[in-house]
Amino acid sequence: EVGRLFNDNQLIVAEVLQSAEVMKASVAFLEPHMEKQDSSNKKGKVLLATVKGDVHDIGKNLVEIILSNNGFEVVDLGIKVTPSDLIKQVQSEKPDIIGLSGLLVKSAQQMVLTAQDLKQQKISLPILVGGAALSRKFTNTKISPEYEGAVLYAKDAMDGLSLSNQLSNEESRVKLLDEHKKKQEAALSRASVQRSSSESATAVAVKPKSTVSTTVPVYYPHDFERHLISDYPVAQIEPFINMQMLIGHHLGLKGRISKLLEEKNEKAVHLKEVVDGLLAKAKAERWIRPSAIYQFFPAQSDGNDVIIYDPSDKTTVIERFTFPRQPKEPFLCLADYIRSVSSGEMDYVGFFSVTAGKGIRQRAVELKENGQYLESHALQALALETAEGLAEHIHQLMRDKWGFPDPTDFTMQERFSAKYQGQRYSFGYPACPDLEDQKKLFQLIRPEDIGVELTDGFMMEPEASVTAMVFAHPEARYFNVH
Ligand code: B12
């Protein structure tokens, strides 16, 4: 019933979690009165894992709560699970379904490798896959062909539940797999048509030239020191935490949160209380320990490259980034936002790395084990949005130190919409999609010193961490390259 109401948009994520809390409490109450060996209520066993190189926890944990409270036995293998570990666990746990989670595009590629390894071991159990950067198309055209059994894309946890339910019943299972096979074949043939048409499209080349101004003033940063701020007071970041993202995106409440709060909407007020309660605890018990590093560097462009110089002599090249250029007008490339080598003028860029600290995972597990599902999920979401808020805060600090502070009447809403001068770009986003550039950033500012590590999939641990490269150019904005 809860699943049906959620799909009908009558319940939100937060309420689904609360219903799971009621379910767990009720089952705990009834259990002593139930027959010991009765496993008829179990719909099947699901082995859940976040793929190799990936630290994504929040999405996987949500799936775990939803499935285990709907009659599935879930074995959570945790994060950074290698294919060989997964294979071992499949052999010993003998699950009915495998669930794979991943946050970034790199993890979607890791899912392809994982599927290949499973196939090699003659494993053909149905696999459910999910994650922010994954799509149905990628699943059907890239992962599925590498696997013997079915690979099913779940857009969210409730979708995962609906698929698992269908898989647990013989009749609906056959129907689902049959339909899926047809859809997958259609996706494969669509993909090959698209490939051949895009091949012919790239043949028409236009000489790219962007119109970004090369005469705007150069902004000179205050200093070139590496600034390390550890254990930042959470109270200072609080105003930068985006409640629209936290209560709207993560907890699922639809509409404009600020307006709903003003109107004293019951759900909005309740969720704000939950968040405020967690914030107070996070401050008092130091669950969230935000830290940041930022530094400015002399830099120039060279075609599509950005060259970084040693701040002490401004001549030794210490790093070089290569960014893609838009293939059509206005032909933007990040390198256009700074002076070129041939201009003879020195320009500057900044880098930063922020994190909400390491304590969250443990606390979230404790809350979950205690049956406080909403709090567990909200705490993880709060940590993620604290990292994002700290990124916003550090970016503002950098604009101050760079000599173009925000106007005094600048609102937080304008800040969330990036209406300030300059822009911060995080590797992995469209203008600078190459996640391997994280390695170069790590060499430049060493986020390890605030406890942030890079995994072999170029993902940061703790999960609630953000990095960015910062430009001062007044025309700098976000853009897609394709
Ligand atoms: C919020 C957010 C963040 C947060 C939190 C990330 C997180 N852990 O979720 C913060 C601010 C920390 C962040 C950081 C980064 N982010 Co970010 N982020 C997002 C954003 C806007 C939403 C993600 C989200 O909703 N998370 C909440 C969880 C609950 O959702 P979810 O993971 O999707 O899980 C649900 C479903 O996918 C599904 N599901 C997931 N797994 C499974 C498994 C199974 C079996 C099933 C059935 C279902 C299922 O069910 C879940 C619950 O419903 C997305 C864009 C988008 N709109 O999706 C970008 C996005 C994921 N981020 C992106 C990037 C690049 C980054 C950074 C690398 C940027 C940087 N350089 O700092 C870092 C990486 C952090 C790290 N640790 O390495 C890119 C990734 C693209 C790429 N190239 O790989 C995205 C796609 C944005 C974009 N359009 O480019 N990010």
Review point. What residue, of Leu118, Leu113, Leu128, Leu103, is buried (at least 20 other Cβ atoms within 10 Å of the Cβ) and either charged (D, E, K, R) or more than 13 Å from the ligand (Cβ to nearest atom) (or both)?
Key: Leu118
Practice item. Those residues that are more than 11 Å from the ligand (Cβ to nearest atom) and without any contact (Cβ under 8 Å) to a residue 40 or more places away in the chain, I need them from the stretch 443-475; list them, please. Key: Glu448
Exercise for review: Looking only at the stretch 370-395, count how many residues are among the charged types (D, E, K, R) and over 18 Å from Ser291 (Cβ atoms).
Suggested key: 1
Review point. Quick check: anything in the stretch 149-167 under 26 Å from Thr82 (Cβ atoms), over 25 Å from the mean Cα position of the chain (by Cα) and within 12 Å of the ligand (Cβ to nearest atom)?
Key: yes
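Could you go through the stretch 404-417 and let me know if any residue there is within 14 Å of the ligand (Cβ to nearest atom), within 18 Å of Arg325 (Cα to Cα) and either at pLDDT below 95 or part of a loop (DSSP other than H, G, I, E, B) (or both). Before you say what the answer is, go through the steps one by one.
Kept after step one, since they are within 14 Å of the ligand (Cβ to nearest atom), are these residues of the stretch 404-417: 416.
Next, from what is left, pick out any that are within 18 Å of Arg325 (Cα to Cα): none.
No - not one qualifying residue is present in the stretch 404-417.
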Point to revise | Conditions (1) of a type in the set (S, T, N, Q); (2) within 12 Å of the ligand (Cβ to nearest atom); (3) surrounded by fewer than 23 Cβ atoms within 10 Å (Cβ to Cβ); number of the one not met by Ser68 | key: (2)
Revision key, fill the gap. Subset of the stretch 420-435, residues part of a loop (DSSP other than H, G, I, E, B) and touching a helix residue (DSSP H, G or I) at 6+ places or on another chain (Cβ under 9 Å), comes to Tyr420, Gln421, Gly422, Ser426, Gly428, Ala431, Cys432, Pro433, Leu435
Check your understanding: So Phe138 fits all but one of (1) part of a helix (DSSP H, G or I); (2) out of contact with any helix residue (DSSP H, G or I) (no Cβ under 6 Å at 6 or more places or on another chain); (3) crowded, with 19+ Cβ neighbours inside 10 Å; (4) of a type in the set (A, V, I, L, M, F, W, C); what number is the exception?
Key -> (2)
Study note, to complete from the structure: Of the conditions (1) aliphatic (A, V, I, L, M); (2) more than 16 Å from the ligand (Cβ to nearest atom); (3) closer than 13 Å to Ser291 by Cα, the single one that Ile237 does not satisfy is (2)
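Okay, residues lined up against (1) farther than 24 Å from Val16 by Cα; (2) in contact with a helix residue (DSSP H, G or I) (Cβ under 9 Å, 6 or more places away or on another chain):
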residue	(1), (2)
Leu48	no, yes
Asp54	yes, yes
Ile58	no, yes
Val63	no, yes
Ile66	no, yes
Phe72	no, yes
Val75	no, yes
Lys80	yes, no
Lys88	yes, no
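The values are calculated or read from the model by the stated rules, or taken from the named source; none is laboratory data. Predicted, not measured: the structure shown is a model, and the values here were computed from it. Backbone-built Cβ (ideal geometry, glycine too); neighbour counts: all protein chains shown.
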